[in-house]
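Okay, structure first, notes after.
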Amino acid sequence: MAASPMSYLQTHGPAGDPATLLGWGLGIVSAVVLLVVVVLLLAGLLRQRPGTPALRELAVESDSGGLRWIYVGVGISTVVLVACAVWTMTTLQAIAMPARAADLTLQVTASQWWWKVRYVGAQPAGTFDTANEIHIPVGHPVRVELSSNDVIHSFWIPQLAGKTDVIPGKTNVMWLQAARPGVFRGQCGEFCGAQHAHMAMYVVAQDEAAFAAWRQQQLQPAVDGATTGQKVFDASCAACHSVRGTAAGGIFGPDLTHLMARSTIAAGMLPNTPGQLAAWISNPQSIKPGTRMPAPTLSPAELQAVVAYLQTLN
Ligand code: HEC
Ligand SMILES: [Cu+2]
């Protein structure tokens, strides 16, 4: 469903599939109920033949079996409603927790208007941060711990799982599991300010070997050089951005250690190309008005140098 990446009518993993089936099932049940009611109503209206007195002129008669319709109708409705309730509860149970314990834990922190993603390693040295793009191994349940830095957001990858609110001062836990490799788009699902619509993310589901290689690469620190670009970065950007392995240790904005490994910038808004990077850095406010990244004052040469430096962060 590449054409409609936000469609939740088809999901690709056990954290979403039972709920999708339930959605279709309840939708069909509702349609059938509507159809039955409309047909019975029309049948009732049409039973009145020409020549018979209007309904309100009829004397009240004793029941001639009509109440049987009510008894049978209530009986059938009760069975259907109870069945739907049981189905709903077993579905909630099925998606509440993965079948086996998750072997990967992510701490996702939402901010206006981007997602910080921390991969928690068994050892502290195995922990790293990235942003707006989540890689997961196919077939493995992934535990996702959600918290917010500012307002209420909502974490939503429609083709993998339902929405979970992301609330300041609280950690909500959900899980993801992809049944096949692919790129699944996510989106903040709770209005969180002017750029709410530009708070997207991608989940990249990879086979185990590719995921392990990606993770290993993410753990590598960046090369610490003394290039002009890095100097500009340290002076103008490092207060907010981290590049592991260098002096840049800001935590206000996304970690940029492996920026080039991401396919988009600014939370899914722009493709990650040198031209878009330069456009973003020279004036983020014109691209994403209100974003927490101010426009830096860089000369054209400094802008070019810092973009060239970012190109080395792969
Ligand atoms: C005051 C803090 C601050 C400063 C200074 C700052 N940034 Fe940012 N930057 C941010 C924030 C916050 C975001 C996330 C914006 C969003 O997506 O809404 C961001 C996003 C980015 C992104 C996109 C990252 C991604 O993965 O989406 C890049 C690239 C970037 N900044 C580069 C720079 C460079 C280069 C400089 C210095 C010239 C710089 N920033 C200065 C706060 C800052
Ligand atoms: Cu949001």
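The values are calculated or read from the model by the stated rules, or taken from the named source; none is laboratory data. Source: prediction; values computed, not measured. Neighbour counts are summed over all protein chains in view; Cβ atoms, including those assigned to glycine, are modelled from backbone coordinates with ideal geometry. Surface accessibility is based on the protein's heavy atoms, side chains included, excluding ligands, DNA and RNA. Shrake-Rupley method; radii C 1.70, N 1.55, O 1.52, S 1.80 Å.
So the values come out like this:
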quantity: Evaluated at q = 0.16, 0.27 Å⁻¹: base-10 log I(q)/I(0), Debye formula over Cα of the range 108-149; calculated: -0.46, -1.07
quantity: Acute angle (nearest 10 degrees) that the helix 300-311 long axis makes with the longest principal axis of the chain, alpha-carbon atoms; calculated: 70 degrees
quantity: Cβ-derived FRET efficiency at R0 22 Å, I251 paired with S286, nearest 0.05; calculated: 0.30
quantity: FRET efficiency estimate (nearest 0.05) - Cβ-Cβ, T78 to W24, R0 30 angstrom; calculated: 0.85
quantity: Whole-Hz couplings from phi, Karplus 6.51/-1.76/1.60, listed for the range 232-245; x for Gly and Pro; calculated: 4, 4, 4, 7, 10, 10, 5, 5, 10, 10, 9, 10, 4, x
quantity: Contour excess over end-to-end distance, with Cα ends at T171 and F191 and 0.36 nm allotted per residue; calculated: 5.3 nm
quantity: Under 5 Å, built H, 5+ apart or other chain: amide partners of V151; calculated: Q112
quantity: Spacing of the two label points (7 Å from each Cα toward its C-beta) at A261 and S299, in nm; calculated: 3.5 nm
quantity: Tilt relative to the chain, helix 208-219 - C-alpha long axis, 0 to 90 degrees, to 10; calculated: 40 degrees
quantity: For A178, residues with placed amide H under 5 Å, excluding near neighbours; calculated: G139, H140
quantity: Beta bridges per DSSP with both ends in the chain, % antiparallel, nearest 5; calculated: 70 percent
quantity: Cut-off 15 Å (backbone N to label point 7 Å along Cα→Cβ of L219), residues of the range 90-122; calculated: 104-105, 119-122
quantity: For M293, solvent-accessible area (1.4 Å; no DNA, RNA or ligand), Å²; calculated: 40 Å²
quantity: Positive dipole terminus of the chain, leading residue within V223, Q304, A43 (C-beta point charges); calculated: A43
quantity: Principal-axis tilt of helix 17-46 within the chain, Cα atoms, nearest 10 degrees; calculated: 30 degrees
quantity: Accessible area in square angstrom per residue, the chain, 1.4 angstrom probe; calculated: 54 Å²
quantity: Computed P(r) (all Cα pairs; the range 228-311; 10 Å bins; percent); calculated: 18, 57, 24, 0
quantity: Stretchable slack from A94 to D207, in nm (0.36 nm times residue separation minus alpha-carbon distance); calculated: 38.2 nm
quantity: For the chain, size of Cβ-based charge dipole, Lys and Arg +1, Asp and Glu -1, in debye; calculated: 340 debye
quantity: Binned Cα-Cα distance frequencies in the range 178-262 - 10 Å width, integer %; calculated: 15, 33, 32, 19, 1
quantity: CD proxy at 222 nm, helix term only [per DSSP H run n ≥ 4: -39500 (n - 2.57); per residue of the chain; nearest 500]; calculated: -11000 deg cm²/dmol
quantity: Model label zone, V36; criterion: amide N under 19 Å from point 7 Å along Cα-to-beta-carbon; scope the range 69-98; calculated: 69-88
quantity: Residue among P168, G27, Q112 farthest towards the positive dipole end of the chain, charges placed on Cβ; calculated: G27
quantity: For the range 68-108, diffusion coefficient by Stokes-Einstein and Kirkwood Rh (Cα), 4 °C, 1.567 mPa s, µm²/s; calculated: 98 µm²/s
quantity: Stokes-Einstein D for the chain, Kirkwood Rh over Cα pairs, 10 °C, 1.306 mPa s (µm²/s); calculated: 69 µm²/s
